[in-house]
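Here's the structure, in structure tokens; my notes come after.
The values are calculated or read from the model by the stated rules, or taken from the named source; none is laboratory data. Quantities reported herein were computed from a predicted structural model and do not represent experimental measurements. Neighbour counts are summed over all protein chains in view; Cβ atoms, including those assigned to glycine, are modelled from backbone coordinates with ideal geometry. Remember, those area values only see protein heavy atoms, side chains included, never the ligands or the DNA or RNA. Shrake-Rupley method; radii C 1.70, N 1.55, O 1.52, S 1.80 Å.
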Amino acid sequence: MISNFVGRVDNTFLFVITISVVFFLGLTAAMIYFVVHYHHRKHPKGENIHGSLPLELLWTVIPTILVLIIFYYGMVGYREMQSIPKDAFPVKVYGAMWKWTFEYENGLITDTLYVPAGKPVVLHLESRDVIHSFYIPAFRIKQDAVPGVPTKMWFTANEPGSYQVLCAEYCGDRHSYMLSEVRAMPQQEFDTWYASASKELPAPAPVAQAKKPAGEEKKAGEETGEGDPERGKRIVQGKGACTACHSLDGSRLVGPSFKGLFGRKETVLVDGKEQEVVVDEAYVIESIKNPSAKVVKGYQPLMPPQQLTDQEIRDVIAYLKTLK
Ligand code: CUA
């Protein structure tokens, strides 16, 4: 079984399908029998029948029992999906229009979900904009990612391999492109991959300054860190999921490409009127915080405001400047 849930989910499904098929065939057979047997040439005069206790009991009790059995399987399966093992390997999953991003305990960020096979994994789902739904059909699990409401799901991938990840909640234009992959690897292989991928992690951003008394506020601002292109790259490709809509190679996606963005002249629409802007820091900051203020001509005002700290915005700007 590919995941620990496959057996139970499939058996429940098979049970429901079997009941449906049996009833479908039975009812069809009974219908055909009645049509032939009670044809008006054989029974020209209809009989008037009043109630039948055994029949009524039969068609009340049997379906009730069947429905209770289905409920039992559903409840047991649901409880299993809700009981997350304490030693499960945690991964954060960010859903954003229109990309899944994965973050590991040490800050490592990936586009593909890498997990150790044979070990329980718990996913902490967060949405950065609208409702998405994280769905791994091969594992028989699906869970909504709701903005402001952290949700969880878990599984054990029993067989190493690659399996498709889908978004199962319509979330806008590129919903059907919101695809990813989960790659289950034998523990040892996973450990090797995790160690080598984590080696390239850049230094963490400086901790945000505590609020200073009013007089010193300006000074506190001067002390904050420089933008770091490596950290910016991680935000653009990871947490911010910018690359879901902005390409890095010049190709046109939902939004303008980031390639050669800095210093570029763009025609933007402000309240329906065309205007020329040169992309500078101020324009980037405005476009992150209030994306619909100046939308580049030819694009739709689709982007939601991004919640990034000032430091993160400086990092992003430093990174954008490297994309020549
Ligand atoms: Cu995200 Cu559909």
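Please list the non-local residues whose amide H lies under 5 Å from the amide H of Ala117, H modeled 1.01 Å from N, same-chain partners needing a gap of 5 or more.
Residues meeting the criterion, in which the H sits 1.01 Å from N, are Met185, Gln187.
Specify which residue in the list Ile285, Gly260, Ser247 is farthest towards the positive end of the charge dipole of the range 229-322, using unit charges on the beta carbon of Lys, Arg (+1) and Asp, Glu (-1), about the Cα centre.
Ser247
Ignoring everything except DSSP H segments at least 4 long, calculate the 222 nm mean residue ellipticity for the chain; use -39,500 (n - 2.57) per segment, divide by total residues, nearest 500.
Value at 222 nm, helices only, nearest 500: -11000 deg cm²/dmol.
Of all trypsin sites (Lys or Arg not before Pro) in the range 63-112, which ones are in loop regions per DSSP and have a Cβ with at most 11 other Cβ atoms within 10 Å?
Lys86
In nanometres, what is the gap between the two model label sites at Ile131 and Lys152, each 7 Å from Cα along Cα-to-Cβ?
2.2 nm
May I ask you to compute the full-extension gain from Glu276 to Asn11, defined as 0.36 nm times their residue separation minus their alpha-carbon distance, rounded to one decimal in nm?
89.2 nm is the gain from fully extending Glu276 to Asn11.
Longest span of the chain, sites excluded, free of chymotrypsin sites (Phe, Trp or Tyr not before Pro) in DSSP loop with at most 15 other C-beta atoms within 10 Å?
That would be 171-324.
Using a Förster distance of 30 angstrom, determine the FRET efficiency expected from the C-beta separation of Glu286 and His175, and round it to 0.05.
After rounding to 0.05, the efficiency reads 0.60.
Sequence gap at least 6, Cα distance under 8 Å: using those rules, report the relative contact order of the range 229-322 to the nearest whole percent.
Worked out over the range 229-322, it gives 35 percent.
In whole Hz, with x marking every Gly and Pro, tabulate ³J(HN,Hα) for the range 75-87 from phi via Karplus 6.51 cos²θ - 1.76 cosθ + 1.60, θ = phi - 60°.
Karplus values, whole Hz, x for Gly and Pro: 5, 4, x, 4, 5, 4, 5, 8, 8, 7, x, 5, 8.
Any chance you could run the full-extension gain for Ser52 through Thr322? It's 0.36 nm times the residue separation minus the Cα-Cα distance, nm to one decimal.
88.9 nm
Roughly speaking, what is the centre-to-centre gap between the range 140-201 and the range 235-298 when only Cα atoms are used, to the nearest Å?
Going from one Cα centre to the other spans 29 Å.
Per residue, how much accessible surface does the chain expose to a 1.4 Å probe? Answer in Å², no decimals.
Normalised by residue count, the accessible surface of the chain is 61 Å².
What residues qualify as long-range amide H neighbours of Ser3, i.e. H under 5 Å apart, gap of 5 or more or another chain, H built at 1.01 Å from N?
Asn158
Provide the per-residue ³J(HN,Hα) series for the range 101-113, in order, calculated from phi with Karplus coefficients 6.51, -1.76, 1.60 and θ = phi - 60°, each as a whole number of Hz, with x at glycine and proline positions.
Each residue of the range 101-113 in turn: 10, 10, 10, 8, 3, 8, x, 4, 10, 9, 8, 10, 8 Hz.
Carbon and sulfur atoms: what percent of the 1.4 Å accessible area of the chain do they account for?
The computed percentage sits at 60.
For the range 48-55, in order, what is each residue's ³J(HN,Hα) by Karplus, 6.51 cos²θ - 1.76 cosθ + 1.60 with θ = phi - 60°, in whole Hz (x at glycine and Pro)?
9, 9, 10, x, 8, 4, x, 4
Name the residues whose placed amide hydrogens come within less than 5 Å of the amide hydrogen of Ser133, ignoring near sequence neighbours (fewer than 5 apart) on the same chain.
Ala145, Ala168, Glu169
Just to verify a number: FRET efficiency for Thr112 and Gln188, C-beta to C-beta distance, R0 = 22 Å, to 0.05?
That pair, Thr112 with Gln188, gives E of 0.70.
Treat every Asp and Glu Cβ in the chain as -1 and every Lys and Arg Cβ as +1, leave all other atoms uncharged, and give the resulting dipole magnitude about the Cα centre to the nearest 20 debye.
In debye, rounded to 20, the chain gives about 760.
Remind me, relative contact order of the range 89-199 in percent, using alpha carbon pairs under 8 angstrom and six or more residues apart?
30 percent
Looking at the range 36-107, which GluC sites (Glu not before Pro) are in a loop (DSSP not H, G, I, E or B) and have at most 16 other Cβ atoms within 10 Å?
Those that pass, being in a loop and sparsely packed, are Glu47, Glu105.
Which entries in Lys92/Lys294; Lys142/Lys233; Lys119/Lys152; Lys99/Lys199 show an alpha-carbon gap greater than 28 Å?
Pairs exceeding the cut-off: Lys92/Lys294; Lys142/Lys233.
Just want the answer: with Cβ charges of +1 for Lys and Arg and -1 for Asp and Glu, which residue in Tyr73, Phe34, Asn158 is farthest toward the dipole's positive end in the chain?
Highest projection toward the positive end goes to Phe34.
Using the Cα gyration tensor of the range 1-57, with a ≥ b ≥ c the square roots of its eigenvalues, what is the shape: rounded (a/c below 1.5), prolate (a/b larger than b/c) or oblate (neither)?
Oblate, since a/c reaches 1.5 and b/c is not below a/b.
Using a Förster distance of 51 Å, how high is the FRET efficiency between Thr60 and Lys86, based on the Cβ-Cβ distance and rounded to 0.05?
0.70
Which whole-number percentage describes the relative contact order of the chain, with Cα contacts under 8 Å and a sequence gap of 6 or more?
14 percent
Between Phe23 and Val76, what length comes free when the chain is fully extended (0.36 nm per residue of separation minus the Cα-Cα distance, one decimal in nm)?
In short, 16.6 nm is gained.
Does anyone have the angle between helix 310-322 and the longest principal axis of the chain? Alpha-carbon axes, 0 to 90°, nearest 10?
The angle comes out at about 80 degrees.
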